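Below is one structure; the comments refer to it alone.
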Amino acid sequence: MPGSATLTETAALLRQAAQLIRADGYKPWAPAGREPGYSLSTALCTVTGCDPSGRHNPACLALHTRLAGYLYLSGRTTAAGDYLPAVVTIWEEYDPPNGRPTGGDVIAILEHAAVITDELALSR
């Protein structure tokens with residue numbers, strides 16, 4: 001992704017998002033800044049300095065895109081579309097056949113995506 005973070009930096013951002021949820025809690029429907037906790041998307045926005053109430057900045061869009069690709073390639077979603085942050089939101093709202101993901105599920109996804117991204121960086 002031109003102009004975006006390196007793979008190592010991307011993995012670090014994914015881990016930071018997991019740490020935010022681990023530290024402050026998982027609130028899939030909580031608006032940013034109103035109460036403790038993060039949805040998956042607001043955690044990604046927070047670590048990239050994006051305003052979750054507006055359009056995603058390029059760094060945030062790239063991070064959402066990387067995570068959407070991970071969700072798709074790992075078989076966790078079949079959703080696809082032109083706007084890849086929507087894939088993340090769709091997975092978070094309903095993860096068939098498992099139902100809604102828990103905070104533990106979201107943290108595990110972020111951490112595993114970070115590991116895979118690190119492995120990809122090392123293979124280059």
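The values are calculated or read from the model by the stated rules, or taken from the named source; none is laboratory data. These numbers were taken from a predicted model, which means no experiment stands behind them. Every residue, glycine among them, receives a Cβ derived from its backbone with ideal geometry; neighbour counts consider all protein chains shown.
Some points to look at:
- Checking ASN98 against (1) modelled with pLDDT of 80 or more; (2) surrounded by fewer than 17 Cβ atoms within 10 Å (Cβ to Cβ); (3) in contact with a helix residue (DSSP H, G or I) (Cβ under 9 Å, 6 or more places away or on another chain); (4) not hydrophobic (A, V, I, L, M, F, W, C), the condition it does not meet: (1)
- Taking the criterion of being surrounded by fewer than 17 Cβ atoms within 10 Å (Cβ to Cβ) and modelled with pLDDT under 90, the residues of segment 22-48 that qualify are TRP29, ALA30, PRO31, GLY33, ARG34, GLU35, PRO36.
- Long-range neighbours under 9 Å by Cβ, at least six apart or interchain, first residue farther than 17 Å from ALA108 by Cα within segment 40-53, second assigned to a helix (DSSP H, G or I) and among the β-branched types (Val, Ile, Thr): PRO52/THR42; PRO52/THR46
- Entry remark, segment 1-21: residues being modelled with pLDDT under 90 and small (Gly, Ala, Ser) number 3 in total.
- Criterion: farther than 16 Å from GLU92 by Cβ and either in a helix (DSSP H, G or I) or of a type outside the set (S, T, N, Q) (or both) - qualifying residue of PRO36, PRO28, PRO52: PRO36
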